[in-house]
Structure formats: C-alpha cells, structure tokens
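Undergrad: Below is a structure I'd like to ask you about.
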Amino acid sequence: MTKDDILFIIGAPKTGTSSLLRMVNAHPDIFILFETLVGKYPRDKFSGRLFEQYPDARKVFSYGASPETFYPALQRFFAAKGYPFKIVGNNAPEHGMDAERLALVEPYKTIYLIRDVRTWL
C-alpha cells in the first residue's frame, strides 16, 4: 500500500461529504469509512456499526494509530475477509478544515468539498 491508496473526503457541514462517500463506496475497489475516529477510542456511532458486522475489526483500531499504520492494517483486514479493496480511507470528521488539521492529510489523496453559501441562503 502506498500513500496513493489512502483517500480522505473532507468538507464543512452540509457540503455533500456523506453523499460523495456513498457514491465512492459504490465502487468495488474502494472502502471509505464513514465519520470514524481513527487513533482515538474507536467506539462511536459509525465504528460501532462496523464492529457489529466485524467484531474482530476492533484489533485494527488502536489508540494513537496514524494513517500510515491504520489504513494498511484496515486494507489487510478486509482482504483477509475476501474484500481486496485497493483504496481505503475516511471522510475524516476529526480533521476539520483548519490548517493544522489539514496538514495531517496533506500527503494523501484528498477530496475537499466546499459550498458557496450564497447558493443556499
């Protein structure tokens, strides 16, 4: 796995990140986590759904995990289950849109969604 095999989808609220994530996940070679905290305690609403389906996935989610270690481990986990995803990632709610947090995803493929406020006011 290379840095090109990790994808983040980032955007402010109501910019369409969830819709784009669902479209991207329709591709058989891609698996993007839905708003799952990585490197923190892994029990949130969306990781909980993953753990219900795959209880043994908990071992992949370790406290302090970095993208370089977490996403290859996630890819290997799913490959062992018969899902050889070529690209894995997250729609990264913990990264937000500030400069410090965006720097965390800068080495990886990232889709940034923005919305012109004037179009929906």
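Undergrad: So, in the stretch 36-53, of the ones that are modelled with pLDDT of 80 or more and surrounded by 13 or more Cβ atoms within 10 Å (Cβ to Cβ), which residue ends up farthest from the chain's Cα centre (by Cα)?
TA: Among those residues, the one meeting the criterion is PHE51.
Undergrad: Out of everything in the stretch 55-89 that is in contact with a Leu (Cβ under 8 Å, 6 or more places away or on another chain) and at pLDDT below 90, what residue ends up being least open to solvent (accessible area, probe 1.4 Å)?
TA: So, considering only residues that are in contact with a Leu (Cβ under 8 Å, 6 or more places away or on another chain) and at pLDDT below 90, the one least open to solvent (accessible area, probe 1.4 Å) is ALA57.
Undergrad: Pull up the stretch 60-84, narrow it to residues that are under 13 Å from the mean Cα position of the chain (by Cα) and of a type in the set (Phe, Trp, Tyr), then point me to the one that is farthest from PHE8 (Cα to Cα).
TA: Filtering first and then ranking leaves PHE61.
The values are calculated or read from the model by the stated rules, or taken from the named source; none is laboratory data. Predicted model only: the values in this text are computed from it and were never measured. When we count neighbours, we look across all protein chains shown, and the Cβ atoms used for this are built from the backbone with ideal geometry, even at glycine. Remember, those area values only see protein heavy atoms, side chains included, never the ligands or the DNA or RNA. Shrake-Rupley method; radii C 1.70, N 1.55, O 1.52, S 1.80 Å.
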